[in-house]
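One structure is given here, and the rest of the page talks about it.
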Amino acid sequence: MSFPFIIKETICDLRYTNHGMKGVRLVITIVDYGMGNLRSVYNALKALNADVTVSDKPAMVEKADKLVLPGVGAFKDTMDELHKRKLVSPVRKFIASGRPYLGMCLGLQILFDESEEGASGVDGLGIFKGSVKKFKPDKGCKIPHMGWNTVAFSGGTEPLNAGIPDRSYFYFVHSYYADPVDKGIIAGRTEYCGVDFAAYVVKDNIYAVQFHPERSQMLGLKFLENFVRL
């Protein structure tokens, strides 16, 4: 599918070099838990000239400079694989350290207490209070929510949506959505199936999106570029 509109100016400087402290290149670690679209996320970050590594090693995840947790599939399978690979504690410790975390799709959902998925529900990381709920078909809308949709940013500019117009289009693929108890962490909303859901949440060093930046063409790259620049 082509992008819904034409961008009339260059918004990404692909020559950008990822420097955190002066003279030090920060490495972005992508969490490998045996699922998810790791290759496309890796390629998108490399296109931005970022230093990127992919790892399933607990020590490397916990000590990363920046952490990206992408994901597609089921909430339960994701949590099962994180537990199996002993990655749950390292991810929690990393987030608690104050270093930048970016969650995409399931990388957003698992930050919450639990998901409605499955007969008895599934526990998440519990970083944020709230639950992950399933869309209920309304007025003929299709589940999963798949394709381009707008994100309405909430007031002030957060670092990752800097330079991105309000109500820009991003690419979504999901059947569940996060419902935070603290609505103050919602930095962007999207409407689907009669639900105005959290498409982008921010708190301190935590950034997480329901959409897929790596599939969202130039504006998705701009979003990732802003993360590289942190």
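The values are calculated or read from the model by the stated rules, or taken from the named source; none is laboratory data. Source: prediction; values computed, not measured. All Cβ positions, glycine included, derive from the backbone under ideal geometry; neighbour counts span all protein chains shown.
Being closer than 22 Å to residue 186 by Cα, in contact with a strand residue (DSSP E or B) (Cβ under 6 Å, 6 or more places away or on another chain) and crowded, with 19+ Cβ neighbours inside 10 Å is the requirement here; does residue 130 meet it?
Taking the combined requirement at face value, the residue satisfies it.
Can you pull out every residue in the range 189-221 that is of a type outside the set (Phe, Trp, Tyr) and part of a loop (DSSP other than H, G, I, E, B)?
Hits for the range 189-221 are 193, 194, 204, 205, 210, 212, 216.
Mind checking which pairs have a first residue in the range 27-44 that is within 14 Å of residue 224 (Cα to Cα) and crowded, with 17+ Cβ neighbours inside 10 Å and a second that is at pLDDT below 95 and of a type in the set (A, V, I, L, M, F, W, C), Cβ under 8 Å, 6 or more apart or different chains?
30/38
Considering every residue within the range 79-98, establish whether at least one is out of contact with any Lys or Arg (no Cβ under 6 Å at 6 or more places or on another chain), on the phi > 0 side of the Ramachandran plot and free of Cβ contacts under 8 Å to residues at least 24 places away in the same chain.
No.
Within the range 187-218, take every residue that is of a type in the set (A, V, I, L, M) and surrounded by fewer than 23 Cβ atoms within 10 Å (Cβ to Cβ) and give me the one that is farthest from residue 45 (Cα to Cα).
Ranking the qualifying residues of the range 187-218, first place goes to 195.
Residue check: is residue 152 closer than 18 Å to residue 103 by Cβ, at pLDDT 95 or above and of a type outside the set (Val, Ile, Thr)?
no
Can you name every residue in the range 45-54 that is of a type in the set (Gly, Ala, Ser) and surrounded by 15 or more Cβ atoms within 10 Å (Cβ to Cβ)?
Selection gives 50 alone.
How about the range 177-208: which of its residues are closer than 17 Å to residue 147 by Cβ and in contact with a Gly (Cβ under 7 Å, 6 or more places away or on another chain)?
Selection gives 199 alone.
Among the candidates 124, 184, single out the residue that is buried (at least 18 other Cβ atoms within 10 Å of the Cβ), under 27 Å from residue 66 (Cβ atoms) and within 18 Å of the chain's Cα centre (by Cα).
124
Can you tell me how many residues within the range 59-109 are surrounded by fewer than 23 Cβ atoms within 10 Å (Cβ to Cβ), of a type in the set (D, E, K, R) and closer than 23 Å to residue 211 by Cα?
The total comes to 6.
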